[in-house]
Amino acid sequence: MSSTPTGNGTAERAVPVSDSTELLVGIAARAHGLRGELVVDVHTDSPDERFTSGSVLTARRAGVPDAVLTVESTRPHSGRLLVRFVEVPDRDAAEAMRGARLLIGSDAVPPPTDPDEFHVHQLEGLRAELEDGSVVGSVREVVHGPGGELLVLVRPDRPDALVPFVRAIVPTVDIDGGRVVLTPPEGLLDLE
């Protein structure tokens, strides 16, 4: 759900939808068993909150209208979750949900209480600049690698750059000012 400039977690990712923002909390990978359970790849730091019994999610699949799903039960399974939804009664219905992006509204996520903690959707779109104020791009997304979180910077007329989201390189995150300040080591942003 949130990120800090130290790089941990699998924060929820913003998905722009018309005038509002929805957050990706999981992807239905495949059906499991005969009773309608779905194997879900988790994309949130708070799976216990997002996939608790009674939680309501939006399921989005290409080419079909969105579906509203209510979590009936959840259990861990090989680093993923097995989730039963009230509206998915059997294996056939679960197979039809394969690949669905499971979303919640950003208004359902309270702001972080720690001033050094940020939701991923708050970082996406921020201007990236150096300490001298020169703009080097903007944050397109936050990716989660085995070594920690990386900011993906979109740069005009240059390839995207990956910047480790650590305090030594990103000392300032100014949400209200719409920017992140970078102090990259020599060569980090020079890669073509």
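The values are calculated or read from the model by the stated rules, or taken from the named source; none is laboratory data. Small disclaimer: the values here were computed from a predicted structure and weren't measured. Please note that ligands, DNA and RNA were not included when accessible areas were found on the heavy atoms of the full protein model with its side chains. Shrake-Rupley method; radii C 1.70, N 1.55, O 1.52, S 1.80 Å.
Mind checking the full-extension length gain between ALA93 and ASP116? Use 0.36 nm per residue of separation minus the Cα-Cα distance, one decimal, nm.
So the extension gain works out to 4.1 nm.
Across region 91-108, in residue order, what do the Karplus-derived ³J(HN,Hα) couplings come to in whole Hz, using 6.51 cos²θ - 1.76 cosθ + 1.60 with θ = phi - 60° and x for Gly and Pro?
4, 4, 5, 5, 4, 5, 8, 3, x, 5, 8, 9, 10, 10, x, 4, 5, 7
Skipping prolines and chain starts, which residues have an amide H placed within reach, meaning under 5 Å, of the one on GLY105, given they are 5 or more residues away or on another chain?
Counting only residues 5 or more places away or on other chains, the set is LEU23.
Just want to confirm a number: the relative contact order over the chain, from Cα pairs under 8 angstrom separated by 6+ residues, in percent.
Computed over the chain, the figure is 22 percent.
For a quick check: with amide H placed at 1.01 Å from N, whose amide H comes under 5 Å from ALA128's, ignoring anything fewer than 5 positions away on the same chain?
So ALA128 has HN proximity to VAL136, GLY137, SER138, VAL139, VAL180.
By how many nm would the segment from GLU131 to ASP48 lengthen if fully extended, with 0.36 nm per residue of separation less the alpha-carbon distance?
The GLU131-ASP48 span can extend by a further 26.0 nm.
Rounded to the nearest whole Å², what accessible area per residue is found for region 90-186 with the 1.4 Å probe?
52 Å²
Once you compute Rg and the Kirkwood Rh from C-alpha atoms, what is the Rg to Rh ratio for region 120-192?
0.92
Multiply the residue gap between ARG167 and ASP41 by 0.36 nm, knock off their C-alpha separation, and tell me the result in nm, one decimal place.
Between ARG167 and ASP41, full extension yields 42.5 nm more.
Counting only residues 5 or more places away or on other chains, whose amide H sits under 5 Å from the amide H of PHE118 once H atoms are built in the peptide plane?
SER3, THR4
Expressed as a whole percentage, what fraction of the accessible surface of the chain belongs to carbon and sulfur atoms when a 1.4 Å probe is rolled over the protein heavy atoms?
Result for the chain: 51 percent of the exposed heavy-atom area is carbon or sulfur.
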